[in-house]
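These notes are about the structure you will find just below.
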């Protein structure tokens with residue numbers, strides 16, 4: 001089935017732990033950052049439209065690079081800036097705000113350029129090739145609707161960093177594999193062969209096979225209606241100047257109010273990421289091995 005398939009890439013974060021713009025940081029000598037591997041994998045299975053949410057710090061030189069790639073490979077490309085004033089009521093005072101409004105607001109900023117089911121990913125996560133085939137299948141089979149979204153999740157053991165704690169959304173799933181809730185924890189790490197996080201001063205163990213959200217979600221475009229409503233509610237709650245409107249919280253609200261169901265599937269792919277600068281060498285070694293095994297060409301675009 002040749003339906004329109006869109007990949008939305010969240011690349012507007014400031015990368016405080018990574019200490020740099022990891023969204024456009026090339027991994028190998030080909031200078032391709034992770035997001036280009038995601039685009040490459042998505043194009044191979046029939047995705048034909050790429051939307052990238054960015055901040056004003058992304059260099060013009062990188063925008064030009066990807067524009068040229070889109071012309072070479074003949075895919076539709078849209079850049080969307082997550083500017084502070086977007087979808088803000090006219091008289092709302094945000095003068096002291098110093099950071100973006102969060103992932104929920106980032107997705108909302110794409111409202112005017114997406115009118116079809118779409119996959120949402122993080123720019124700095126490597127999700128693996130097979131996950132895009134699964135996502136394309138779910139869209140082609142029309143399993144994504146106004147009432148049902150999907151999440152493709154990973155076993156927590158495969159998403160940890162050797163270089164520090166990580167933040168993950170721990171999934172609770174019912175007997176039919178629908179999402180009940182996502183518990184966001186920010187101190188997850190491995191200690192003495194156990195995976196733990198700390199909450200209220202207490203260390204809590206997690207089973208290594210527990211599924212966690214890595215922000216690989218398949219949405220119907222109806223989500224923009226909900227996000228606009230919820231973002232207004234968020235602003236009306238008078239949030240602190242550092243508080244953010246996160247997509248997992250918005251999706252949870254949709255689930256709790258019976259507006260949608262979210263089917264959870266286990267990823268068939270390996271996840272890699274760059275939370276810390278030291279993670280880059282691990283990803284570099286992984287990609288070099290993938291190239292040796294002919295999974296990727298040395299240069300993605302030639």
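The values are calculated or read from the model by the stated rules, or taken from the named source; none is laboratory data. Just so we're clear, the structure is a prediction, and the values are computed from it rather than from any experiment. Neighbour counts run over all protein chains shown; Cβ positions are idealised from the backbone, glycine included.
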- Selected residue (only one of 186, 172 is assigned to a strand (DSSP E or B), at pLDDT below 95 and in contact with a strand residue (DSSP E or B) (Cβ under 8 Å, 6 or more places away or on another chain)): 186
- Query: What number of residues within the stretch 265-281 satisfy the criterion of being modelled with pLDDT under 95, outside any loop (DSSP other than H, G, I, E, B) and over 17 Å from residue 122 (Cβ atoms)?
  - Reply: 1
- Note on the structure: Those residues of the stretch 127-169 which are assigned to a strand (DSSP E or B) and buried (at least 18 other Cβ atoms within 10 Å of the Cβ) amount to 149, 150, 151, 152, 153, 154, 166, 168, 169
- Can you name the residue in the stretch 34-72 that is modelled with pLDDT under 95 and assigned to a loop (DSSP other than H, G, I, E, B) and is also nearest to the chain's Cα centre (by Cα) among such residues? 55
- Hey, can you tell me all the residues within the stretch 210-257 that are part of a loop (DSSP other than H, G, I, E, B), free of Cβ contacts under 8 Å to residues at least 24 places away in the same chain and either under 15 Å from the mean Cα position of the chain (by Cα) or surrounded by fewer than 14 Cβ atoms within 10 Å (Cβ to Cβ) (or both)? 237, 238, 240, 257
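If a residue must be buried (at least 22 other Cβ atoms within 10 Å of the Cβ) and either free of Cβ contacts under 8 Å to residues at least 24 places away in the same chain or touching a strand residue (DSSP E or B) at 6+ places or on another chain (Cβ under 7 Å) (or both), how many such residues does the stretch 38-64 contain?
8
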- Note on the structure: Per the list (1) in contact with a strand residue (DSSP E or B) (Cβ under 9 Å, 6 or more places away or on another chain); (2) modelled with pLDDT under 95; (3) surrounded by fewer than 13 Cβ atoms within 10 Å (Cβ to Cβ), residue check on residue 207 breaks on (2)
